[in-house]
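Quick notes on the structure that follows.
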Amino acid sequence: MRHVVVGNSEGLNGESVESIFDSVDVVSNPSNSLRDGKFAGIFESAPFFSALPRDYTTHPKVDMAYKLNKPGDLPAKDLEEHWRRVVVDFSQREDKGKIVPNSTFTDDLCNWLVANQPISVAVNDDGNSELFKYVWERSGGVVYTKGNDMVSHPALTCQARPQEGEM
């Protein structure tokens with residue numbers, strides 16, 4: 001995951017973002033991860049390919065960094081992926097409420113998706129599929145995953161680099 005978009009009613013702040021990662025397992029290497037059954041861990045020694053841009057905050061306990069974009073703002077185009085590192089941009093609507101189809105923010109998000117071409121797009125909506133369909137019709141991802149909410153049936157994704165033998 002490289003970019004997360006939430007409605008502005010979730011109370012997004014540094015503390016809430018860091019709490020998401022507080023209980024993540026840290027693993028030393030892929031072999032130990034497989035042996036210990038820790039498939040969602042963060043590798044402790046994967047180096048950044050380049051320095052983090054300013055405005056990113058590092059987690060105090062887990063090797064990850066994040067940026068809270070101003071409400072209504074999306075990350076810059078040409079966002080560096082930071083493969084093997086957990087670097088996440090968080091964006092949220094400017095106004096209160098959930099993300100809905102046919103809004104300026106959602107249209108801007110779809111344009112951002114077209115420009116940045118992520119491999120995977122996951123959408124959690126209220127179950128009626130309107131937001132999912134709207135984003136799917138207006139963006140250019142390869143894999144789309146739909147979930148109903150973040151508690152009972154969230155959209156989950158997994159990426160790999162087949163050029164490095166991953167699957």
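Straight-line cross-link reach from Lys70 at under 22 Å between alpha-carbon atoms covers these lysines, not counting any fewer than eight positions away in the same chain: Lys96, Lys98. Rg and Dmax of the chain, both derived from C-alpha coordinates alone, stand at 16.3, 47 Å. Over the chain, DSSP H runs of length four or greater, each weighted -39,500 (n - 2.57), average out per residue to a 222 nm ellipticity of -6500 deg cm²/dmol. Hey, what did the chain get for relative contact order, percent, Cα under 8 Å, at least 6 apart? Relative CO of the chain lands at 20 percent. Under 5 Å from the amide H of Val4 lie the amide H atoms of Asp89, Phe90, Ser91, each residue being 5 or more positions distant or on a separate chain, with H modelled from the backbone and absent for Pro and chain starts. All distinct Cα pairs of the stretch 16-79 go into the 1/r average, and the inverse of that average, the Kirkwood radius, is 13.8 Å.
Bear in mind that the values in this text are calculations on the coordinates, not laboratory data. On a predicted model such as this, the values are computed, not experimentally measured, just so you know.
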